[in-house]
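Heads up: the structure comes next, in structure tokens.
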Amino acid sequence: MSIKDTCYGKAPGAKGDKGGEDPQITREETGTPEMITETPRRTRILKAITAVATLFLLAVSLTHVLLVFLHVAPANSVSQRYNKQINAWVYPLFEQNWRLFAPNPESVNYRISARTMRTSADGTQQVSDWFDLSAVDDSAVRHSVFPSHTEQNMLRRAWSSYLELHGGDDQPHSRRAWMMQQYLSNISAQRVAAHRHGSFDDIQLRVTVRPVPASAGGAGVRPAAASAPDNTRYLPWWKVTWKVAPYAG
């Protein structure tokens, strides 16, 4: 060791001094061979896991986009062939209420009314007058700058879904049809209970289909159904229950 090193405080065995190099310091700084081998191995494992997760999420995303596209696209051979699988994926979490190409505008207007029935202890039944549920929704959004999406669409969409699943038969032939019947019944019962006092046990709906007249200067041609008279449909009496009962089908 030179006098210069001693003057500047360089201790014996410090790094760079070959004569006094500490083996312990060298191992801590450079790492053991086992540590050097383990680090690349962990890196490769993490990269592999990341790649698999990325490919899985990409596959799920592409599958979701494809199935939703087939759901909103016009009827075609693919969507008709795999209709069951498409509906199983879309409903109920990813339900869409729009179509890729806009259909013809609505040519009819549905007016939904409800009446209730209460059975007393001696078996006497009291039936109320008809209550216009559609009028309540109309008054809630009329002249409103920010109309409620719920007030506009909840009852109408419930009826549209019921009509799609039941057709002209009011007996549910699937679990989803039964659930939609319960949904429509509960919505109607809640609307009536919010505007009328007193309890009731059963509820019945009346749906009147009214043609929508063409605009004065409209160049389009309305379907033939638009010129037909009003059509009224009476649904059966449904037992009111605020708890969904088990499906028996």
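The values are calculated or read from the model by the stated rules, or taken from the named source; none is laboratory data. Note that this is a predicted model, so its numbers are computed, not measured. Neighbour counts are summed over all protein chains in view; Cβ atoms, including those assigned to glycine, are modelled from backbone coordinates with ideal geometry.
Here are a few things to note about the model shown:
- Asn87 part of a loop (DSSP other than H, G, I, E, B) and either at pLDDT below 85 or within 21 Å of Ser160 (Cα to Cα) (or both): no
- Out of Asp129, Asp170, one residue alone is exposed (fewer than 10 other Cβ atoms within 10 Å of the Cβ) and of a type in the set (D, E, K, R). It is Asp129.
- Val145 being in contact with a strand residue (DSSP E or B) (Cβ under 8 Å, 6 or more places away or on another chain), of a type in the set (A, V, I, L, M, F, W, C) and surrounded by fewer than 16 Cβ atoms within 10 Å (Cβ to Cβ): no
- The residue pairs whose first member lies in the stretch 65-92 and is closer than 25 Å to Ala158 by Cβ, whose second member is part of a helix (DSSP H, G or I) and polar (S, T, N, Q), and whose beta carbons are closer than 7 Å, counting only pairs six or more residues apart or on different chains, are Leu70/Ser79; Ala73/Ser79; Ile86/Ser79.
- Qualifying residue in the stretch 113-121 (condition: over 30 Å from Pro213 (Cβ atoms) and either in a helix (DSSP H, G or I) or in contact with a helix residue (DSSP H, G or I) (Cβ under 7 Å, 6 or more places away or on another chain) (or both)): yes
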